[in-house]
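Heads up: the structure comes next, in C-alpha coordinates.
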Amino acid sequence: MGVSINKALAATCAAAALVAVLAGCGGGQKEAPAAGGKIGGKIMIYTSIYPDLIDMGKPIIKKALPDLEVDWFQGGTEKVIAKMAGEMEAKKIAADALMVADPSYYYTLKDQKLLLNYASPAAKDVIIEKDKDGSWTPVRISNMIIAYNTTKLKAEEAPKTWQDLTDPKWKGKIAMPNPLLSGTAFVAAAALSEKYGWEYFDKLKANGLRVEEGNSAIQNKLLTGEYLAVMILEENILKMIETKKEPVKVVYPDDGVIVVPSPIGILSASKNPAGAKAAVDWWLSKAGQETIVTGWMHSVREDVRPPNGAPALKTFYGKAVKTDWIKFSKEKEKYKEEFRARVMEK
(Lines give C-alpha, C1' and ligand atoms only; values in the text may rest on other atoms or scores of the structure.)
Protein backbone atom coordinates (compact mmCIF):
# COMPACT_ATOMS: atom_id res chain seq x y z
CA MET A 1 0.00 0.00 0.00
CA GLY A 2 1.06 3.60 -0.55
CA VAL A 3 1.33 4.58 3.12
CA SER A 4 2.72 2.99 6.23
CA ILE A 5 0.23 0.41 7.49
CA ASN A 6 1.66 0.67 10.99
CA LYS A 7 1.03 4.42 11.12
CA ALA A 8 -2.47 4.02 9.70
CA LEU A 9 -3.32 1.28 12.16
CA ALA A 10 -1.97 3.29 15.07
CA ALA A 11 -4.18 6.20 14.07
CA THR A 12 -7.15 3.89 13.76
CA CYS A 13 -6.57 2.43 17.21
CA ALA A 14 -6.43 5.95 18.62
CA ALA A 15 -9.73 6.75 16.93
CA ALA A 16 -11.22 3.57 18.34
CA ALA A 17 -10.13 4.55 21.83
CA LEU A 18 -11.83 7.91 21.35
CA VAL A 19 -15.01 6.10 20.29
CA ALA A 20 -14.94 4.13 23.53
CA VAL A 21 -14.84 7.36 25.52
CA LEU A 22 -17.66 8.93 23.52
CA ALA A 23 -19.84 5.83 23.34
CA GLY A 24 -21.71 6.73 26.50
CA CYS A 25 -23.44 9.51 24.53
CA GLY A 26 -24.92 7.06 22.04
CA GLY A 27 -28.49 6.91 23.32
CA GLY A 28 -28.22 4.47 26.21
CA GLN A 29 -27.90 1.28 24.20
CA LYS A 30 -25.96 -1.64 25.61
CA GLU A 31 -22.33 -1.76 24.60
CA ALA A 32 -19.62 -4.32 25.16
CA PRO A 33 -16.21 -2.68 25.57
CA ALA A 34 -13.43 -4.96 26.72
CA ALA A 35 -11.59 -4.46 29.97
CA GLY A 36 -9.35 -1.43 30.15
CA GLY A 37 -11.52 0.71 27.86
CA LYS A 38 -10.67 -1.20 24.68
CA ILE A 39 -13.28 -1.88 22.05
CA GLY A 40 -14.31 -5.49 22.53
CA GLY A 41 -17.18 -7.91 22.23
CA LYS A 42 -18.61 -9.10 18.94
CA ILE A 43 -20.34 -7.47 15.99
CA MET A 44 -22.07 -8.81 12.89
CA ILE A 45 -21.75 -6.97 9.57
CA TYR A 46 -24.17 -7.67 6.71
CA THR A 47 -22.55 -6.79 3.41
CA SER A 48 -22.61 -7.13 -0.36
CA ILE A 49 -18.86 -6.56 -0.83
CA TYR A 50 -16.99 -9.45 -2.39
CA PRO A 51 -15.85 -12.37 -0.19
CA ASP A 52 -12.20 -11.99 -1.27
CA LEU A 53 -12.23 -8.36 -0.10
CA ILE A 54 -13.68 -9.42 3.25
CA ASP A 55 -10.93 -12.03 3.57
CA MET A 56 -8.32 -9.43 2.70
CA GLY A 57 -9.63 -7.00 5.32
CA LYS A 58 -10.08 -9.47 8.18
CA PRO A 59 -6.44 -9.64 9.36
CA ILE A 60 -5.96 -5.89 8.97
CA ILE A 61 -9.07 -5.13 11.03
CA LYS A 62 -7.92 -7.67 13.61
CA LYS A 63 -4.61 -5.85 14.01
CA ALA A 64 -6.38 -2.51 14.33
CA LEU A 65 -9.09 -3.76 16.71
CA PRO A 66 -7.65 -6.90 18.34
CA ASP A 67 -10.33 -7.19 21.05
CA LEU A 68 -13.28 -6.94 18.64
CA GLU A 69 -14.65 -10.07 17.00
CA VAL A 70 -16.18 -9.30 13.60
CA ASP A 71 -18.52 -11.78 11.92
CA TRP A 72 -19.88 -11.36 8.39
CA PHE A 73 -22.95 -12.27 6.37
CA GLN A 74 -22.19 -11.80 2.69
CA GLY A 75 -24.61 -11.78 -0.22
CA GLY A 76 -25.82 -9.61 -3.07
CA THR A 77 -27.57 -6.41 -2.03
CA GLU A 78 -31.05 -7.79 -2.66
CA LYS A 79 -30.22 -10.99 -0.76
CA VAL A 80 -29.07 -8.94 2.23
CA ILE A 81 -32.19 -6.76 2.01
CA ALA A 82 -34.37 -9.89 1.98
CA LYS A 83 -32.61 -11.20 5.09
CA MET A 84 -33.07 -7.83 6.78
CA ALA A 85 -36.78 -7.83 5.86
CA GLY A 86 -37.32 -11.16 7.58
CA GLU A 87 -35.48 -10.03 10.69
CA MET A 88 -37.33 -6.73 10.76
CA GLU A 89 -40.64 -8.59 10.55
CA ALA A 90 -39.58 -10.81 13.46
CA LYS A 91 -38.16 -7.79 15.33
CA LYS A 92 -34.87 -9.66 15.69
CA ILE A 93 -32.27 -7.79 13.66
CA ALA A 94 -28.96 -9.60 14.09
CA ALA A 95 -26.77 -7.11 12.21
CA ASP A 96 -24.81 -4.42 14.01
CA ALA A 97 -23.62 -2.72 10.81
CA LEU A 98 -24.69 -2.76 7.19
CA MET A 99 -22.58 -2.35 4.03
CA VAL A 100 -24.67 -2.80 0.88
CA ALA A 101 -24.54 -1.13 -2.50
CA ASP A 102 -27.77 0.85 -2.78
CA PRO A 103 -27.88 4.18 -0.84
CA SER A 104 -31.65 4.44 -1.30
CA TYR A 105 -32.14 1.46 1.03
CA TYR A 106 -30.54 3.40 3.87
CA TYR A 107 -33.19 6.09 3.53
CA THR A 108 -35.82 3.38 3.90
CA LEU A 109 -34.16 2.18 7.10
CA LYS A 110 -33.71 5.74 8.34
CA ASP A 111 -37.40 6.49 7.84
CA GLN A 112 -38.19 3.46 9.98
CA LYS A 113 -35.74 4.69 12.65
CA LEU A 114 -33.63 1.56 12.27
CA LEU A 115 -30.30 3.36 11.85
CA LEU A 116 -28.15 4.89 14.56
CA ASN A 117 -26.89 8.41 13.83
CA TYR A 118 -23.11 8.45 14.12
CA ALA A 119 -20.68 11.08 12.88
CA SER A 120 -17.41 9.20 12.61
CA PRO A 121 -14.29 11.33 13.15
CA ALA A 122 -13.13 9.99 9.77
CA ALA A 123 -16.27 11.27 8.00
CA LYS A 124 -14.66 14.69 7.63
CA ASP A 125 -12.35 13.15 5.02
CA VAL A 126 -15.20 11.71 2.93
CA ILE A 127 -15.41 13.87 -0.18
CA ILE A 128 -18.79 12.78 -1.56
CA GLU A 129 -22.37 13.09 -0.34
CA LYS A 130 -23.29 11.57 3.01
CA ASP A 131 -26.33 11.64 5.24
CA LYS A 132 -26.53 14.94 7.12
CA ASP A 133 -27.57 13.15 10.31
CA GLY A 134 -24.84 10.52 10.11
CA SER A 135 -27.20 7.58 9.64
CA TRP A 136 -25.00 6.44 6.73
CA THR A 137 -21.67 7.38 5.24
CA PRO A 138 -20.29 6.24 1.87
CA VAL A 139 -17.56 3.64 2.35
CA ARG A 140 -16.81 2.61 -1.24
CA ILE A 141 -17.66 3.83 -4.72
CA SER A 142 -18.87 1.43 -7.37
CA ASN A 143 -19.39 2.74 -10.88
CA MET A 144 -21.67 1.38 -13.58
CA ILE A 145 -19.88 1.84 -16.88
CA ILE A 146 -19.80 0.43 -20.41
CA ALA A 147 -17.23 -2.23 -21.28
CA TYR A 148 -16.19 -3.88 -24.52
CA ASN A 149 -13.86 -6.59 -25.79
CA THR A 150 -10.78 -5.10 -27.46
CA THR A 151 -10.32 -8.13 -29.73
CA LYS A 152 -13.81 -7.59 -31.16
CA LEU A 153 -13.93 -3.80 -31.31
CA LYS A 154 -11.49 -0.98 -31.87
CA ALA A 155 -11.63 1.94 -29.45
CA GLU A 156 -13.17 4.20 -32.08
CA GLU A 157 -15.91 1.63 -32.73
CA ALA A 158 -16.94 1.17 -29.10
CA PRO A 159 -20.02 2.98 -27.73
CA LYS A 160 -19.22 6.29 -26.05
CA THR A 161 -22.57 7.01 -24.38
CA TRP A 162 -25.52 5.14 -22.84
CA GLN A 163 -27.59 6.28 -25.80
CA ASP A 164 -25.16 4.59 -28.18
CA LEU A 165 -26.33 1.21 -26.87
CA THR A 166 -29.63 1.75 -28.71
CA ASP A 167 -27.81 1.77 -32.08
CA PRO A 168 -29.00 -1.16 -34.24
CA LYS A 169 -25.39 -2.21 -34.86
CA TRP A 170 -25.39 -3.65 -31.31
CA LYS A 171 -28.64 -5.56 -31.79
CA GLY A 172 -28.61 -8.78 -29.74
CA LYS A 173 -25.08 -8.05 -28.51
CA ILE A 174 -25.73 -5.94 -25.39
CA ALA A 175 -26.42 -6.88 -21.77
CA MET A 176 -26.82 -5.60 -18.24
CA PRO A 177 -27.19 -7.14 -14.74
CA ASN A 178 -30.66 -7.73 -13.33
CA PRO A 179 -31.94 -4.71 -11.34
CA LEU A 180 -34.27 -7.04 -9.43
CA LEU A 181 -31.25 -8.84 -7.96
CA SER A 182 -28.39 -6.32 -8.01
CA GLY A 183 -28.35 -3.08 -6.02
CA THR A 184 -26.00 -1.29 -8.41
CA ALA A 185 -28.03 -2.46 -11.42
CA PHE A 186 -31.17 -1.12 -9.74
CA VAL A 187 -29.49 2.26 -9.33
CA ALA A 188 -28.45 2.18 -12.99
CA ALA A 189 -31.98 1.39 -14.17
CA ALA A 190 -33.55 4.04 -11.95
CA ALA A 191 -30.99 6.72 -12.86
CA LEU A 192 -31.17 6.11 -16.60
CA SER A 193 -34.98 6.01 -16.54
CA GLU A 194 -34.93 9.42 -14.88
CA LYS A 195 -32.37 10.81 -17.32
CA TYR A 196 -33.87 9.48 -20.57
CA GLY A 197 -37.33 8.22 -19.64
CA TRP A 198 -38.52 4.60 -19.69
CA GLU A 199 -38.58 4.84 -23.47
CA TYR A 200 -34.81 4.38 -23.28
CA PHE A 201 -35.31 0.85 -21.98
CA ASP A 202 -37.98 0.21 -24.61
CA LYS A 203 -35.31 0.99 -27.20
CA LEU A 204 -32.78 -1.25 -25.46
CA LYS A 205 -35.24 -4.14 -25.40
CA ALA A 206 -36.02 -3.61 -29.07
CA ASN A 207 -32.29 -3.72 -29.65
CA GLY A 208 -32.05 -7.16 -28.03
CA LEU A 209 -30.85 -6.21 -24.53
CA ARG A 210 -30.15 -9.32 -22.44
CA VAL A 211 -30.56 -9.21 -18.67
CA GLU A 212 -28.18 -11.52 -16.81
CA GLU A 213 -28.39 -12.56 -13.18
CA GLY A 214 -25.10 -10.90 -12.30
CA ASN A 215 -21.84 -9.41 -13.49
CA SER A 216 -19.98 -12.75 -13.74
CA ALA A 217 -22.19 -14.10 -16.52
CA ILE A 218 -21.87 -10.83 -18.40
CA GLN A 219 -18.08 -10.68 -18.23
CA ASN A 220 -17.74 -14.29 -19.38
CA LYS A 221 -19.97 -13.70 -22.40
CA LEU A 222 -18.16 -10.46 -23.15
CA LEU A 223 -14.95 -12.48 -23.44
CA THR A 224 -16.49 -15.06 -25.77
CA GLY A 225 -17.90 -12.35 -28.02
CA GLU A 226 -21.54 -13.24 -27.34
CA TYR A 227 -21.85 -9.64 -26.13
CA LEU A 228 -20.00 -6.76 -27.75
CA ALA A 229 -20.88 -3.97 -25.31
CA VAL A 230 -22.24 -4.29 -21.78
CA MET A 231 -23.40 -2.28 -18.80
CA ILE A 232 -21.31 -3.59 -15.91
CA LEU A 233 -19.45 -2.59 -12.76
CA GLU A 234 -16.11 -0.88 -13.32
CA GLU A 235 -14.47 -3.01 -10.61
CA ASN A 236 -15.24 -6.27 -12.46
CA ILE A 237 -13.54 -5.06 -15.62
CA LEU A 238 -10.53 -3.56 -13.81
CA LYS A 239 -10.02 -6.86 -12.00
CA MET A 240 -10.18 -8.82 -15.27
CA ILE A 241 -7.57 -6.53 -16.80
CA GLU A 242 -5.14 -6.58 -13.88
CA THR A 243 -5.37 -10.18 -12.68
CA LYS A 244 -5.96 -12.07 -15.93
CA LYS A 245 -4.83 -9.60 -18.61
CA GLU A 246 -8.17 -10.10 -20.36
CA PRO A 247 -8.82 -8.07 -23.54
CA VAL A 248 -11.52 -5.81 -22.12
CA LYS A 249 -11.72 -2.06 -21.60
CA VAL A 250 -13.77 0.43 -19.63
CA VAL A 251 -15.68 3.27 -21.28
CA TYR A 252 -16.63 6.14 -18.98
CA PRO A 253 -19.74 7.36 -20.84
CA ASP A 254 -19.69 10.94 -22.05
CA ASP A 255 -23.28 11.35 -20.83
CA GLY A 256 -22.29 10.37 -17.30
CA VAL A 257 -20.97 7.47 -15.26
CA ILE A 258 -23.52 6.03 -12.82
CA VAL A 259 -21.71 6.60 -9.52
CA VAL A 260 -22.95 4.48 -6.61
CA PRO A 261 -21.54 5.67 -3.25
CA SER A 262 -22.21 2.48 -1.30
CA PRO A 263 -22.69 3.28 2.40
CA ILE A 264 -21.94 1.88 5.79
CA GLY A 265 -24.43 2.37 8.63
CA ILE A 266 -25.05 1.13 12.16
CA LEU A 267 -28.33 -0.54 13.09
CA SER A 268 -30.10 1.05 16.05
CA ALA A 269 -30.76 -2.49 17.33
CA SER A 270 -27.02 -3.14 17.64
CA LYS A 271 -26.05 -4.86 20.89
CA ASN A 272 -22.55 -3.44 20.58
CA PRO A 273 -22.71 0.05 19.06
CA ALA A 274 -19.24 0.89 20.38
CA GLY A 275 -17.83 -2.01 18.38
CA ALA A 276 -19.87 -1.05 15.32
CA LYS A 277 -18.63 2.54 15.55
CA ALA A 278 -15.04 1.33 15.74
CA ALA A 279 -15.59 -0.78 12.61
CA VAL A 280 -17.07 2.22 10.78
CA ASP A 281 -14.07 4.32 11.82
CA TRP A 282 -11.68 1.70 10.48
CA TRP A 283 -13.42 1.32 7.09
CA LEU A 284 -13.39 5.10 6.65
CA SER A 285 -9.75 5.42 7.73
CA LYS A 286 -6.95 5.60 5.20
CA ALA A 287 -6.01 1.97 5.90
CA GLY A 288 -9.61 0.84 5.43
CA GLN A 289 -9.97 2.79 2.22
CA GLU A 290 -6.74 1.38 0.82
CA THR A 291 -8.26 -2.06 1.39
CA ILE A 292 -11.34 -0.94 -0.57
CA VAL A 293 -9.15 0.18 -3.47
CA THR A 294 -7.44 -3.22 -3.64
CA GLY A 295 -10.92 -4.48 -4.55
CA TRP A 296 -10.82 -2.20 -7.63
CA MET A 297 -13.37 0.23 -6.19
CA HIS A 298 -12.79 3.94 -5.74
CA SER A 299 -12.15 5.39 -2.31
CA VAL A 300 -14.42 7.97 -0.70
CA ARG A 301 -11.29 9.84 0.39
CA GLU A 302 -9.21 12.16 -1.76
CA ASP A 303 -5.92 11.09 -0.15
CA VAL A 304 -6.25 7.49 -1.39
CA ARG A 305 -5.21 6.63 -4.94
CA PRO A 306 -7.76 5.31 -7.45
CA PRO A 307 -7.79 1.58 -8.23
CA ASN A 308 -5.16 0.37 -10.68
CA GLY A 309 -6.13 1.17 -14.24
CA ALA A 310 -8.77 3.75 -13.30
CA PRO A 311 -8.78 7.55 -13.50
CA ALA A 312 -9.22 9.70 -10.42
CA LEU A 313 -12.82 10.05 -9.23
CA LYS A 314 -12.75 13.81 -9.80
CA THR A 315 -12.30 13.29 -13.53
CA PHE A 316 -15.85 11.96 -13.94
CA TYR A 317 -17.76 12.53 -10.68
CA GLY A 318 -18.79 16.07 -11.62
CA LYS A 319 -20.77 14.91 -14.65
CA ALA A 320 -22.16 11.69 -13.17
CA VAL A 321 -25.76 10.73 -13.95
CA LYS A 322 -27.97 12.35 -11.32
CA THR A 323 -29.36 10.10 -8.60
CA ASP A 324 -32.28 11.00 -6.34
CA TRP A 325 -31.76 8.55 -3.49
CA ILE A 326 -34.86 9.59 -1.57
CA LYS A 327 -37.07 9.13 -4.63
CA PHE A 328 -35.38 5.81 -5.43
CA SER A 329 -36.11 4.73 -1.85
CA LYS A 330 -39.77 5.72 -1.86
CA GLU A 331 -40.52 4.34 -5.34
CA LYS A 332 -38.22 1.33 -5.47
CA GLU A 333 -40.92 -1.22 -6.22
CA LYS A 334 -42.39 1.02 -8.93
CA TYR A 335 -39.01 1.23 -10.65
CA LYS A 336 -38.57 -2.53 -10.44
CA GLU A 337 -42.05 -3.26 -11.75
CA GLU A 338 -41.60 -0.84 -14.63
CA PHE A 339 -38.32 -2.49 -15.58
CA ARG A 340 -39.81 -5.96 -15.27
CA ALA A 341 -42.79 -5.06 -17.45
CA ARG A 342 -40.85 -3.22 -20.13
CA VAL A 343 -37.68 -5.29 -20.39
CA MET A 344 -38.13 -8.75 -18.87
CA GLU A 345 -41.64 -9.75 -19.85
CA LYS A 346 -42.01 -11.31 -23.32
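Values as computed for the structure displayed
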| read-out | value |
| --- | --- |
| The range 86-117, subset of a type in the set (Asp, Glu) and part of a loop (DSSP other than H, G, I, E, B), residue modelled with the lowest pLDDT | 102 |
| Boolean, residue 127 is at pLDDT below 95 and of a type in the set (A, V, I, L, M) | yes |
| Set 151, 184: member being surrounded by fewer than 16 Cβ atoms within 10 Å (Cβ to Cβ) and of a type in the set (S, T, N, Q) | 151 |
| Selection status of residue 296, surrounded by 19 or more Cβ atoms within 10 Å (Cβ to Cβ), at positive phi and either among the hydrophobic types (A, V, I, L, M, F, W, C) or assigned by TED's automatic domain parsing to the domain that holds residue 81 (or both) | yes |
| Count - residues of the range 140-162 that are assigned to a strand (DSSP E or B) and not polar (S, T, N, Q) | 7 |
| Matching option when the condition is under 30 Å from residue 194 (Cα atoms) and of a type in the set (S, T, N, Q), among 270, 262, 285 | 262 |
| Residue in the range 129-139 that is within 23 Å of residue 215 (Cβ to Cβ) and not in a loop (DSSP other than H, G, I, E, B) present | yes |
| Subset tally (residues that are surrounded by fewer than 16 Cβ atoms within 10 Å (Cβ to Cβ), touching a residue at least 12 places away in the same chain (Cβ under 8 Å) and in a helix (DSSP H, G or I)) for the range 57-78 | 2 |
| Qualifying position, being within 24 Å of residue 251 (Cβ to Cβ), free of Cβ contacts under 8 Å to residues at least 60 places away in the same chain and not in a loop (DSSP other than H, G, I, E, B), among 343, 293 | 293 |
| The listed residue being under 24 Å from residue 220 (Cα atoms) and buried (at least 24 other Cβ atoms within 10 Å of the Cβ), out of 264, 258 | 258 |
| Matching residues in the range 305-330 - criterion: being touching a residue at least 24 places away in the same chain (Cβ under 8 Å) and in a loop (DSSP other than H, G, I, E, B) | 305, 307, 308, 309, 310, 311, 316, 320, 321, 322, 323, 324 |
| Count of the range 154-172 residues which are surrounded by 18 or more Cβ atoms within 10 Å (Cβ to Cβ) and farther than 26 Å from residue 318 by Cβ | 1 |
| Breaking point among (1) of a type in the set (S, T, N, Q); (2) closer than 21 Å to residue 298 by Cα; (3) more than 19 Å from the chain's Cα centre (by Cα), for residue 104 | (3) |
| Matching residues, the range 290-346, being under 16 Å from residue 191 (Cα atoms) and hydroxyl-bearing (Ser, Thr, Tyr) | 317, 323, 329, 335 |
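Condition check ((1) aromatic (Phe, Trp, Tyr); (2) surrounded by fewer than 23 Cβ atoms within 10 Å (Cβ to Cβ); (3) more than 14 Å from residue 185 (Cα to Cα)) across all residues:
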| site | (1), (2), (3) |
| --- | --- |
| 205 | no, yes, yes |
| 220 | no, yes, yes |
| 227 | yes, no, yes |
| 237 | no, no, yes |
| 251 | no, yes, yes |
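The values are calculated or read from the model by the stated rules, or taken from the named source; none is laboratory data. Just so we're clear, the structure is a prediction, and the values are computed from it rather than from any experiment. Cβ sites come from the backbone with ideal geometry, for glycine too, and all protein chains shown count toward neighbours.
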